[in-house]
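The values are calculated or read from the model by the stated rules, or taken from the named source; none is laboratory data. Keep in mind that this is a model prediction, so the values were computed, not measured. Note: ideal-geometry Cβ built from the backbone for every residue, glycine included; neighbour counts use all protein chains shown.
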Amino acid sequence: MREVVEKKVLSENDRLAAELRQRYREQNILCVNFISSPGSGKTALLEKTLGSFAPGTPVAVLTGDLQTDNDARRLMRYGFPVRQIVTGGTCHLDARMVERHLNELGFRGPGLLLVENVGNLVCPSSYDLGEAAKIVLLSVTEGEDKPLKYPGIFHRASLMILTKTDLLPHVEFDPKLALENARKIHPEIDYLALSSKTGEGFDQWLAWLAALQQKTRQEAPATIS
Amino acid sequence: MHEVGIASSIIESIEAEARRRPDAQFTAVGVRIGELSNVDRDALAFAFEALTLKTPLEHLRLEIEWCPRRQKCLACGEEFVVKDWELTCPKCGEARSTCIGGTELDIAYLELEEPCEKS
């Protein structure tokens with residue numbers, strides 16, 4: 001006999017992600033999840049972003065890699081709480097890893113939680129981390145057709161950031177075509193272009209983040225005093 | 001490649017169900033995989049077979065239903081399958097539509113045989 005089950009394959013991860021989302025809402029934390037291929041500039045973007053915040057700004061970082069704590073060491077120099085998640089071979093972060101490391105980090109809102117996923121355009125898109133937004137990075141040294149090759153992540157991301165724009169004069173990359181391809185998959189996706197090296201485009205990126213933070217704050221429940 | 005993780009999650013669900021019904025013989029599990037789910041069918045089938053080998057679930061069939069991306073037109077309500085990334089409504093030409101299918105990663109059903117109740 002056939003018995004209807006109808007449940008998500010990743011229902012356990014979804015349950016934990018829902019708990020995280022609830023925690024973020026209660027503590028007024030904006031969590032964003034950065035996803036890209038290896039080497040697209042996630043860590044450099046985070047470094048430049050942290051460097052733009054005043055000391056004492058309530059911000060924390062979780063950074064995922066298969067091995068090494070190199071990224072955490074790079075990011076710690078900015079004086080904000082950072083924790084490396086070493087997945088030991090797993091190609092993505094899941095909600096349980098985030099929950100455990102967030103507890104160990106002891107970060108409480110209100111504030112901003114930046115989660116740098118493992119460099120991979122495929123698997124991280126399947127795992128909800130309770131984030132308010134997924135942000136996908138594409139660097140100008142990659143192909144304009146990546147959104148078509150990896151539609152899952154471009155479909156789920158709220159924002160696409162084109163990185164390494166300082167290299168545009170040296171490579172044959174057409175930003176307009178890359179954006180057209182992304183919007184074929186996800187017509188409403190936001191778009192920014194920047195260079196973490198020169199700082200070009202950073203004002204727009206920080207404004208995008210601030211606007212999302214503002215929106216999240218308005219949706220958060222009134223603080224109980 | 002996270003198909004091994006996906007296959008493990010499917011197997012964990014079945015094992016939980018098997019603990020609940022120790023007398024049942026599970027014969028098949030049906031899953032729905034969407035085009036936008038980033039799961040490769042062949043890799044999933046391979047992982048599932050490898051993980052169930054020489055276990056009580058060795059003979060369990062994995063039945064995969066592949067789900068293309070589907071959109072619903074925001075103007076006329078037409079529901080259509082997306083081909084070649086074309087999101088424009090084929091009926092009325094409206095460009096705006098909303099995604100209604102293709103992200104599936106679901107366990108749809110289990111097939112099992114249960115011994116008849118003894119009278």
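Couple of notes before you dig in:
- Among (1) within 14 Å of chain B (Cβ to nearest Cβ); (2) buried (at least 16 other Cβ atoms within 10 Å of the Cβ); (3) not in a helix (DSSP H, G or I), the one test that A:L114 misses: (1)
- Subset of the stretch A:117-130 (residues that are part of a helix (DSSP H, G or I) and surrounded by fewer than 24 Cβ atoms within 10 Å (Cβ to Cβ)): A:S126
- Single condition B:E12 does not satisfy, out of (1) facing chain A (nearest Cβ under 9 Å); (2) touching a residue at least 60 places away in the same chain (Cβ under 8 Å); (3) of a type outside the set (S, T, Y): (2)
Yes or no, residue by residue, for (1) among the aliphatic types (A, V, I, L, M); (2) touching a Pro at 6+ places or on another chain (Cβ under 6 Å); (3) closer than 24 Å to A:A157 by Cα:
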| site | (1), (2), (3) |
| --- | --- |
| A:T68 | no, no, no |
| A:E99 | no, no, yes |
| A:L113 | yes, no, yes |
| A:S126 | no, no, yes |
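- Looking only at the stretch B:62-71, and only at residues there that are surrounded by 15 or more Cβ atoms within 10 Å (Cβ to Cβ) and closer than 18 Å to B:Y109 by Cα, the one that is nearest to the chain's Cα centre (by Cα): B:I64
- The residue that is surrounded by the most Cβ atoms within 10 Å (Cβ to Cβ), among those in the stretch A:183-214 that are part of a helix (DSSP H, G or I) and over 17 Å from the mean Cα position of the chain (by Cα), is A:I185.
- All positions within the stretch A:133-157 that are among the small types (G, A, S) and surrounded by fewer than 18 Cβ atoms within 10 Å (Cβ to Cβ): A:G143
- Within the stretch A:56-87, the set of residues being in contact with a Leu (Cβ under 6 Å, 6 or more places away or on another chain), without any contact (Cβ under 8 Å) to a residue 40 or more places away in the chain and within 17 Å of A:S37 (Cα to Cα) comprises just one member, A:T87.
- Scanning the stretch A:216-225 for residues that are in a helix (DSSP H, G or I) and either among the hydroxyl-bearing types (S, T, Y) or modelled with pLDDT of 90 or more (or both) yields a count of 1.
- Boolean, A:G51 is without any contact (Cβ under 8 Å) to a residue 40 or more places away in the chain and on the phi > 0 side of the Ramachandran plot: no
- Residues located in the stretch A:24-72, provided they are polar (S, T, N, Q) and over 14 Å from the mean Cα position of the chain (by Cα): A:Q27, A:N28, A:S52, A:T57, A:Q67, A:T68, A:N70
- The set of residues from the stretch A:30-60 being within 19 Å of A:H101 (Cβ to Cβ) and either touching a Ser or Thr at 6+ places or on another chain (Cβ under 8 Å) or not hydrophobic (A, V, I, L, M, F, W, C) (or both) comprises A:L30, A:N33, A:I35, A:K42, A:T43, A:L46, A:P58.
- The set of residues in the stretch B:27-61 that are in contact with a helix residue (DSSP H, G or I) (Cβ under 7 Å, 6 or more places away or on another chain), surrounded by fewer than 21 Cβ atoms within 10 Å (Cβ to Cβ) and away from chain A (no Cβ under 12 Å) comprises B:L51, B:T52, B:L57, B:E58.
- Being hydroxyl-bearing (S, T, Y), in contact with a strand residue (DSSP E or B) (Cβ under 9 Å, 6 or more places away or on another chain) and within 30 Å of A:L148 (Cβ to Cβ) is a description that does not apply to B:T52.
- Hits in the stretch A:153-165 (condition: touching a helix residue (DSSP H, G or I) at 6+ places or on another chain (Cβ under 7 Å) and within 14 Å of chain B (Cβ to nearest Cβ)): A:I153, A:F154, A:H155, A:R156
- Restricted to the stretch A:88-134, and to residues there that are within 18 Å of A:I35 (Cα to Cα) and basic (K, R), the residue that is farthest from the chain's Cα centre (by Cα) is A:R96.
- Where B:I64 falls short, out of the listed (1) among the β-branched types (V, I, T); (2) in a strand (DSSP E or B); (3) touching a His at 6+ places or on another chain (Cβ under 8 Å): (3)
- Helices (runs of 4 or more DSSP H) lying entirely in the stretch A:1-111 (those with 1 or more residues that are modelled with pLDDT under 95 and within 14 Å of another protein chain (Cβ to nearest Cβ)): A:11-27
- Candidate set: the stretch A:122-152, residues that are within 14 Å of chain B (Cβ to nearest Cβ) and touching a strand residue (DSSP E or B) at 6+ places or on another chain (Cβ under 7 Å); chosen: the one farthest from A:V9 (Cα to Cα): A:K146
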